[in-house]
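Undergrad: This is the structure I want to talk about, given as structure tokens.
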Amino acid sequence: MIGMRVNRLHRPDLWIPVFMAMPRMLAELSADAGSGLLGYRITMGAGGPLVVQYWRTPEDAYASDTGAEHRPAWAEFNRRARSAPGAVGIWHETYVVNRAEPMYVGMPLTGLAAATGSREAGTGSRAAQRPGPARRAA
């Protein structure tokens, strides 16, 4: 999950470039089937925009690719952040999940199921029967 928060609304010169960088990065990743990005969704929360991304593995290291959009966007963010500390904030959280159960009733697939696919739960299926007990990696 990646998000940003505008702390100084009166400084659009600082937060608009941050806001505009994410769509460029997502377009670049989406155009490259080998990038490792499976899908994403963008939402707006009370704290600002939030992007939930689904990746094949945590090792798909887009951030370290010096020829990609991320590196110049990150350098520009740091340059602007030094000129007005705290005007805009960003945050990033990574979770590694080995089992999940996306469930959708009466709506199109979104989120994890849109990124990875779905299957029928089955008639009379109970949550305890799907997807089974979590297994710890050895």
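Undergrad: Out of the residues in region 19-33 that are of a type outside the set (Gly, Ala, Ser) and out of contact with any Asp or Glu (no Cβ under 6 Å at 6 or more places or on another chain), which is nearest to GLY111 (Cα to Cα)? Steps first, please.
TA: Let us first name the residues in region 19-33 that are of a type outside the set (Gly, Ala, Ser), namely 19-20, 22-26, 28-29, 32.
Still in the running and out of contact with any Asp or Glu (no Cβ under 6 Å at 6 or more places or on another chain): 19-20, 22-23, 26, 29, 32.
On the way: PHE19: 21, MET20: 22, MET22: 18, PRO23: 17, LEU26: 15, LEU29: 17, ASP32: 19 Å.
That would be LEU26.
Undergrad: Restricting to region 15-59, what's the tally of residues that are more than 15 Å from the chain's Cα centre (by Cα) and at pLDDT 90 or above?
TA: Adding up the residues that qualify gives 1.
Undergrad: Can you pull out the residues in region 23-41 that are without any contact (Cβ under 8 Å) to a residue 40 or more places away in the chain and surrounded by 13 or more Cβ atoms within 10 Å (Cβ to Cβ)?
TA: Across region 23-41, the qualifying residues are LEU26, LEU29, SER35, GLY36, LEU37.
Undergrad: Follow-up. Pairs needed: first member in region 1-14, closer than 12 Å to GLY45 by Cα and at pLDDT 85 or above; second member anywhere, in a loop (DSSP other than H, G, I, E, B) and of a type outside the set (Val, Ile, Thr); C-beta distance under 6 Å; at least 6 residues apart or different chains.
TA: Every condition considered, the pairs that remain are ARG5/GLY47.
The values are calculated or read from the model by the stated rules, or taken from the named source; none is laboratory data. Fair warning: this is a prediction, and the values are worked out from it, not measured in the lab. Glycine also receives a Cβ, built like all others from the backbone with ideal geometry; neighbour counts cover every protein chain displayed.
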